[in-house]
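Asker: Pasting a structure here, questions to come.
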Amino acid sequence: MTRTTSRAWRETNLSALAHNARTIQSALAPGCRLMAVVKADAYGHGALPVARRLEAMGIKDFAVACLEEGITLRRSGIRGTILILGYTPPELASQLHRWKLTQTVADAAHGQALAACRLPLPVHLALDTGMHRLGIPAEDHNALRRLYELPGMHVEGVFSHLCVSDSLSPENTAFTRLQLERFYEALRWLKEHHLAPGETHIQASYGIWNLPPQPCSLARAGIALYGVCSDDSPIVRTLDLTPVLSLRARVTCVRTLAPREGAGYGLAFRADQPRQLAVVAIGYADGLPRSLPQQGGEVLLHRMRCPMVGRMCMDQLLVDVTGLPGVTPGDAATLIGTDGQQQIHVEDIAQQCGTITNEILSRLGTRLPIITTE
Ligand SMILES: *Cc1c(COP(=O)(O)O)cnc(C)c1O
């Protein structure tokens with residue numbers, strides 16, 4: 001366990017990240033490259049250390065959600081392609097140009113507004129194949145042609161996004177097939193009309209797990225890169241991935257409660273018999289779901305599982321350590337990760353709180369410093 005004086009911290013294991021990147025890359029079709037999705041501070045893992053390590057191992061394609069995330073990576077010296085997956089207001093096109101960022105064209109009007117800025121801009125066209133979030137309708141060939149004709153637009157890629165590829169139900173796999181057909185049909189039409197699509201990509205993590213390798217030049221992996229699944233839905237092709245993130249916090253106090261004494265807000269915890277509680281210095285302002293203690297949340301302390309009790313505070317929480325000798329202020333508690341034989345998976349927390357790991361990880365607050373490990 002890493003030495004730090006912090007009250008609470010994230011640990012990003014860069015060799016696990018590199019292992020996951022290699023594993024995902026080897027699951028793609030020959031000629032298809034991994035595009036590393038590092039939006040939301042690399043799902044809470046730290047966009048800079050993550051992108052730096054991936055770039056050092058030869059990955060040249062990155063995706064972020066918004067302009068600011070792209071600029072942050074460039075300022076820190078990331079040189080590869082950085083695709084902004086979300087909308088950038090056309091008024092900020094000069095920033096795209098200045099920082100050599102690649103912009104997604106969200107729809108025909110967005111493309112026209114970007115072109116009106118009269119700057120050469122590398123773009124990827126988002127095609128809507130059924131998700132109805134961003135994208136030009138894949139069958140709207142005229143709109144596609146007009147975007148190619150706009151001055152300054154350098155179409156360097158065409159992509160789409162699958163919205164039910166995490167599900168193996170017959171209905172959803174049929175919908176995914178339909179999305180793929182619409183996508184490849186649009187690519188065929190472009191080629192027939194001598195409009196070069198450039199890079200092509202449609203798989204995200206669940207597309208990689210649940211589809212055969214696709215004849216595209218890129219695959220956008222987010223959650224899989226970080227070594228976890230979004231939830232516990234079954235997948236077709238399990239890959240040998242390792243969780244990258246651990247989350248730890250210090251014990252600050254240990255106290256004994258007499259029978260019938262309560263603890264925490266609302267005195268929500270009540271001692272039925274003498275109890276020992278440890279106060280751990282992390283709370284919901286750090287991104288943990290406030291309901292976690294009531295949903296069966298645990299921490300690892302001295303290689304043992306200890307239940308969270310009472311109400312989580314903004315910056316602290318209570319753990320029942322009755323019968324566990326030697327718990328001392330300064331001890332590191334593990335909220336996500338491994339301690340001895342015991343492990344807490346972020347999947348468990350997500351399931352307990354009725355959400356997906358992507359949400360839990362991406363909300364881990366910037367107040368938690370990131371320590372990289374190997
Ligand atoms: C966030 C995002 C991804 C990554 O999704 P994962 O399921 O985490 O792999 C890929 N593509 C787009 C368009 C996204 O917005």
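The values are calculated or read from the model by the stated rules, or taken from the named source; none is laboratory data. What you see is a predicted model, and the numbers here were worked out from it, not measured in a lab. So basically every Cβ, Gly included, is an ideal-geometry build from the backbone, and we count neighbours across all protein chains shown. Please note that ligands, DNA and RNA were not included when accessible areas were found on the heavy atoms of the full protein model with its side chains. Shrake-Rupley method; radii C 1.70, N 1.55, O 1.52, S 1.80 Å.
Asker: Round to the nearest 10 and report in Å² the accessible area of residue 232, as given by a 1.4 Å probe over the protein chains' heavy atoms.
Answerer: Rounded to the nearest 10, the figure is 120 Å².
Asker: If I build a Gaussian network model for the chain, linking alpha-carbon pairs within less than 10 angstrom, which residue out of 294, 316, 273 has the largest mean-square fluctuation?
Answerer: Largest GNM mean-square fluctuation: 273.
Asker: Sticking with this structure for a sec: Would you mind checking which residues have amide H under 5 Å from residue 214's amide H? H placed 1.01 Å from N; only 5 or more apart, or other chain.
Answerer: HN-HN under 5 Å from residue 214: 29.
Asker: In addition: What does the accessible area of residue 344 come to, in Å² to the nearest 10, when a probe of 1.4 Å is used?
Answerer: 10
Asker: Roughly how far apart, in whole Å, are the Cα centres of the stretch 96-158 and the stretch 221-278?
Answerer: 44
Asker: What are the aspartates and glutamates whose alpha-carbon lies under 16 Å from the alpha-carbon of residue 191, with same-chain residues fewer than 8 places away excluded?
Answerer: 139, 140, 149, 156, 181, 199
Asker: Cα gyration tensor of the stretch 14-226, axes a ≥ b ≥ c as square roots of the eigenvalues: rounded (a/c below 1.5), prolate (a/b > b/c) or oblate?
Answerer: oblate
Asker: For residue 142 and residue 238, FRET efficiency with R0 = 35 Å and r from the beta-carbon atoms, rounded to 0.05?
Answerer: For residue 238 and residue 142, the calculated efficiency is 0.25.
Asker: Right, next: Pick out which of 335, 150, 245 has the largest mean-square fluctuation in a Gaussian network model of the chain, springs linking Cα atoms closer than 10 Å.
Answerer: Most flexible of the set in this elastic network: 150.
Asker: Let me ask another. Could you put 10, 305 in order of accessible surface area, largest first, with the 1.4 Å probe and the full protein assembly present?
Answerer: 305, 10
Asker: Which value results when the Cα radius of gyration for the stretch 217-262 is divided by 2.2 N^0.38 Å?
Answerer: Computed over Cα atoms of the stretch 217-262, the ratio equals 2.13.
Asker: Would you mind telling me the share, in percent, of accessible area of the chain contributed by carbon and sulfur at probe 1.4 angstrom?
Answerer: Result for the chain: 52 percent of the exposed heavy-atom area is carbon or sulfur.
Asker: Counting only Cα atoms, I'd like the Rg/Rh figure for the stretch 32-113, Kirkwood definition for Rh.
Answerer: Radius of gyration over Kirkwood radius for the stretch 32-113 works out to 0.98.
Asker: Cross-link partners among aspartates and glutamates for residue 39, C-alpha distance below 15 Å, same-chain residues fewer than 8 apart left out?
Answerer: 61, 68, 69, 359
Asker: Got a number for the accessible area of residue 218? Probe 1.4 Å, square angstrom, nearest 10.
Answerer: Surface accessible to solvent at residue 218 totals approximately 0 Å².
Asker: To the nearest 10 degrees, how steeply does helix 47-56 sit against the main Cα axis of the chain, on a 0 to 90 scale?
Answerer: So the helix axis and the longest Cα principal axis differ by about 60 degrees.
Asker: Also, I was wondering about something else. So, for the chain, what is the accessible surface per residue at a probe of 1.4 Å, expressed in square angstrom?
Answerer: Solvent-accessible surface per residue comes out at 44 Å².
Asker: Quick one: grab the alpha carbon gyration tensor of the stretch 245-344, order the square roots of its eigenvalues as a ≥ b ≥ c, and give me rounded if a/c is under 1.5, else prolate or oblate depending on whether a/b is larger than b/c.
Answerer: oblate
Asker: Under a point-charge model restricted to the Cβ atoms of Lys and Arg (+1) and Asp and Glu (-1), what is the dipole moment magnitude of the chain relative to its Cα centre, in debye to the nearest 20?
Answerer: 960
Asker: Identify which of 287, 340, 297 has the largest mean-square fluctuation in a Gaussian network model of the chain, with springs joining Cα atoms closer than 10 Å.
Answerer: Taking springs between Cα atoms under 10 Å, the residue moving most is 340.
Asker: Rounded, prolate or oblate, given the Cα gyration tensor of the chain, with a/c below 1.5 counting as rounded?
Answerer: In terms of gyration-tensor shape, prolate.
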